[in-house]
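One structure below.
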C-alpha cells in the first residue's frame with residue numbers, strides 16, 4: 001500500500017468520512033435526546049395530576065382544591081362529533097371528484113385549492129368561522145367549534161382519501177364496468193369499499209389533528225366551566 | 001341515481017370546497033376594510049398598535065412573526081437535516097429506525113398547547129437565566145423563548161421530510177457511486193443530497209408555513225407586547241398570537257376589523273410560503289437529479 005500513489009489521498013477521504021459521520025450523528029443525537037426528554041417530562045409531570053376524579057368531576061371554582069375536567073372531555077367529544085359529521089361526507093365526495101376527474105385541469109385546480117386550505121393557519125379559520133357562524137347565531141357554541149374543526153380536517157382527509165382511492169387497482173373498476181355495472185355503482189360499491197381502510201385511517205388522522213387544535217376554538221366554542229350537553233351552548237375542550 | 005346525478009353530486013362537493021376557500025378570502029378582505037380605510041397603507045407599515053387611541057399598525061406583529069420563524073428555522077435546519085440524514089442514510093437496524101419514526105410521529109402530533117406548557121415550565125426559566133448572564137431584562141418570556149419552542153415543534157416535520165427525500169433517491173445512483181469507490185460521506189454529500197435538495201428545501205418551506213401560523217405555543221411564550229421587538233430577549237407578538245390574545249376582547253369595530261386585517265396578512269404570507277414549497281416539491285419529484 002505504501003507505494004500506492006492514492007494511499008495518502010484515501011486516508012484524507014476516510015478522515016473526512018468519519019468527520020462527516022460525527023458531524024451528523026452529534027446533532028441527531030441531540031434531537032433524539034431532546035425529543036425523549038420532552039415526552040418524559042410531559043408524561044411524568046402530567047401523570048402526577050391524574051386520578052379518577054380528574055376524569056369524572058367538574059371543574060371546581062378557582063382556589064378550591066380538586067375537581068376534574070369532565071366538562072372538557074364532554075366538550076371535546078361534542079365538538080369532534082359535529083366536525084366528523086361534516087368533514088367525512090364532504091371529504092369523501094370531494095376525493096371521489098378528484099378520482100373521477102383525475103388528470104383534468106379542474107381536478108388539478110381543486111387539488112391546489114385543497115393544498116392551500118391545508119396551509120391556512122388554524123387561527124385564521126377560527127376568525128372566519130366566528131364571522132360566519134358565531135356572529136349570525138349571536139353565541140359561541142359547540143356547533144360553531146365543530147364547523148371550524150371540520151375545516152381543519154377537510155383538506156387533510158381529502159388528500160389522504162384521494163391517495164387511498166388512487167391505490168385501488170384500476171382493474172377492479174374495469175372489471176366492474178366490463179360486467180355492465182353503471183359507473184357510479186362501480187365507484188361506490190367496488191372502489192370505495194376497496195379503499196375503506198385508507199378512508200378509516202384518514203378519518204382517524206383527521207380526528208387526531210382536530211383533537212389537538214386550540215386556536216380555531218377560542219373564537220367559536222369559547223369555553224364553559226360547567227358541564228353542558230347542549231350543542232348550542234359554549235363548550236370547553238380539553239386543550240383550552 | 002344515475003351517472004349524471006352522481007357527477008352532479010361530486011361536482012357540488014368540489015364546488016363547496018372551492019367556495020369555502022374563496023369565502024375565506026372574501027370575508028377577510030371585507031371584514032378588514034374598515035381598518036384599512038381608517039389607516040390606509042399605514043396599516044401595513046405603521047409601528048403603533050393601540051386599541052385605546054385606535055391606532056392600528058401591523059408592523060410590530062409582521063416583524064415578530066418573521067423574526068420568530070426565521071430564528072426557529074436557523075435553529076431547526078441544521079438539527080433536522082442531521083437527524084434526517086442519520087435516519088435516511090446511517091440507521092440500518094430495523095427496530096432503531098421504527099423507534100425513531102414513532103418518536104418523530106408522536107412529537108409531530110403533540111398539540112401545540114402542550115408545547116406551550118412545556119415551554120413555560122422548562123424554556124422560560126432557562127432563557128431567564130441566560131438573560132441575566134448577558135445582562136438583558138430577565139422576562140423569560142419573549143422572542144427567544146417562542147423561537148426555541150417553535151424550532152422544537154418543527155424539527156419533527158423537517159427531519160421526517162428530509163428522511164423521505166433521501167429515501168426516495170434511486171438506489172441505482174447510490175450503488176453506482178459506491179461501486180466507483182466513493183466513501184459514504186461522498187455519496188451523501190455528492191449524490192444523495194444534491195438529488196434530494198429540492199424536496200428537502202420544500203420540506204423546509206412547509207415547516208416554515210407551520211411556524212408562521214403557529215398560535216397557542218407562541219401566545220403562551222412570547223410575552224404579548226405590542227411593540228417592535230428590539231432584541232432576542234424583548235417581549236413581542238406575532239400576527240397569530242395577537243389575534244389569539246385580543247380578538248375576543250376587541251374594544252371597537254375598528255379593532256376587530258384590524259384583527260381581520262392581521263389574519264389576512266398572515267394568510268397571504270403562509271400562502272406564499274406554501275405555494276413556493278409545493279412548486280419546488282413537484283419539480284423535485286421530476287427527472288433525475290437536477
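Is it the case that some residue within segment A:27-37 is closer than 30 Å to residue B:183 by Cα, out of contact with any helix residue (DSSP H, G or I) (no Cβ under 8 Å at 6 or more places or on another chain) and facing chain B (nearest Cβ under 7 Å)? For segment A:27-37, residues closer than 30 Å to residue B:183 by Cα, out of contact with any helix residue (DSSP H, G or I) (no Cβ under 8 Å at 6 or more places or on another chain) and facing chain B (nearest Cβ under 7 Å): absent.
Quick one: which of B:190, B:181, B:213 is surrounded by fewer than 24 Cβ atoms within 10 Å (Cβ to Cβ) and either more than 10 Å from chain A (Cβ to nearest Cβ) or in contact (Cβ under 8 Å) with a residue 12 or more places away in the chain (or both)?
On the way: B:181 fails: either more than 10 Å from chain A (Cβ to nearest Cβ) or in contact (Cβ under 8 Å) with a residue 12 or more places away in the chain (or both); B:213 fails: surrounded by fewer than 24 Cβ atoms within 10 Å (Cβ to Cβ).
Answer to the selection: B:190.
Just one of (1) in contact (Cβ under 8 Å) with a residue 40 or more places away in the chain; (2) surrounded by fewer than 20 Cβ atoms within 10 Å (Cβ to Cβ); (3) away from every other protein chain (no Cβ under 14 Å) fails for residue A:75. It is (2). When each of B:230, B:198 is tested for being assigned to a helix (DSSP H, G or I) and away from chain A (no Cβ under 14 Å), the lone residue that passes is B:198. Among (1) away from every other protein chain (no Cβ under 11 Å); (2) assigned to a helix (DSSP H, G or I); (3) in contact with a helix residue (DSSP H, G or I) (Cβ under 7 Å, 6 or more places away or on another chain), which single condition is residue A:48 missing? Looking at each condition in turn, residue A:48 falls short on (3). For segment B:40-54, what are the residues that are touching a helix residue (DSSP H, G or I) at 6+ places or on another chain (Cβ under 8 Å) and surrounded by fewer than 20 Cβ atoms within 10 Å (Cβ to Cβ)? Matches in segment B:40-54: B:44, B:45, B:46, B:47, B:51, B:54. The residues on offer are B:123, B:113, B:127, and the sole one that is in a helix (DSSP H, G or I), in contact with a helix residue (DSSP H, G or I) (Cβ under 6 Å, 6 or more places away or on another chain) and away from chain A (no Cβ under 14 Å) is B:127.
Each value in this text was obtained by applying a stated rule to the coordinates, not by laboratory testing. Remember, it's a predicted structure, so these values are computed and weren't measured experimentally. Note: ideal-geometry Cβ built from the backbone for every residue, glycine included; neighbour counts use all protein chains shown.
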